[in-house]
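Trainee: Structure in structure tokens, see below.
Quick note: the coordinates plus some simple rules give every number you see, no bench work behind them. The shown structure was predicted, so the numbers you read here are calculated from the model rather than taken from an experiment. Positions of Cβ are generated from backbone atoms using ideal geometry, with glycine treated the same way; all protein chains shown enter the neighbour counts.
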Amino acid sequence: MKEVFTNKAPAAIGPYSQAVIAGDYLYASGAIGINPETGEVVEGIEKQTIQVMENLRTVLLEADATFSQVAKFTIYLQDMDNFATVNEIYGRYLKKPYPARATVEVSRLPKDVLVEIDAVVYLKG
């Protein structure tokens with residue numbers, strides 16, 4: 001496996017990598033709405049979702065990948081009432097054919113954020 005790291009995205013807040021490449025796939029760890037310049041969580045579901053997608057995009061770019069190569073996203077929401085908002089913002093970053101996706105509500109996320117998203121990327125696509 002090969003670690004993917006960029007200082008243009010928030011550093012891992014635990015013993016894990018921003019992403020790893022294993023064979024033909026990149027596994028991006030869950031991204032949360034931390035501004036990489038300030039290290040602070042941005043406020044609100046809209047800003048957090050945008051920051052999450054930008055952080056993921058930055059990590060993928062470090063591995064010469066784009067959202068068009070994502071095979072599957074998993075979205076973790078602190079409150080499923082935010083689904084429509086997250087879905088709309090998330091959709092701005094994607095084109096058909098859309099990746100597979102799961103969305104789940106969880107009781108709590110790191111740093112008490114409202115949304116976290118991870119990705120599995122096919123690098124040969």
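Trainee: For region 2-122, what is the convex hull volume of its Cα atoms per residue in Å³? Provide the component values of the computation, followed by the final result.
Mentor: On the way: hull volume 11.7 nm³, N = 121.
Considering the Cα atoms of region 2-122, their hull volume per residue is 97 Å³.
Trainee: Order 8-21, 110-123 from most to least packed using the mean count of other Cβ atoms within 10 Å.
Mentor: 110-123, 8-21
Trainee: Take every Cα pair under 8 Å in the chain that's 6+ residues apart, average their separations, divide by the length, and report that relative contact order as a whole percent. Display every interim value, and only then the final one.
Mentor: Values: 243 pairs, mean separation 40.2, N = 125.
The value is 32 percent.
Trainee: Using the Cα centre as the reference, give the magnitude of the dipole from point charges on the C-beta atoms of the chain (Lys, Arg: +1; Asp, Glu: -1; all else neutral), rounded to the nearest 20 debye.
Mentor: 500 debye
Trainee: Give me the lysines in straight-line cross-link reach of Lys2: C-alpha distance below 21 Å, same-chain residues under 8 apart excluded.
Mentor: Reachable lysines: Lys72, Lys124.
Trainee: Given Pro99, Gln78, Gln51, which one lies farthest toward the positive end of the charge dipole of the chain, if we put +1 on the Cβ of every Lys and Arg and -1 on the Cβ of every Asp and Glu?
Mentor: Checked the options; the winner is Pro99.
Trainee: Counting each DSSP H run of 4 or more residues in the chain as -39500 (n - 2.57), what helix-only mean residue ellipticity at 222 nm follows after dividing by all residues, to the nearest 500 deg cm²/dmol? The partial results should precede the final answer.
Mentor: Working: 2 runs with 28 residues, N = 125.
So the calculated ellipticity at 222 nm is -7000 deg cm²/dmol.
Trainee: Quick one: Ser29, Ser68, fewest Cβ neighbours within 10 Å first, how do they rank?
Mentor: Neighbour counts put them in this order, fewest first: Ser68, Ser29.
Trainee: Starting from 0.36 nm per residue, how many nanometres of slack lie between Arg101 and Thr66 once their C-alpha separation is accounted for? Before the final figure, lay out each step's value.
Mentor: Working: separation 35, 0.36 × 35 = 12.60 nm, distance 1.63 nm.
Gain on stretching Arg101 to Thr66: 11.0 nm.
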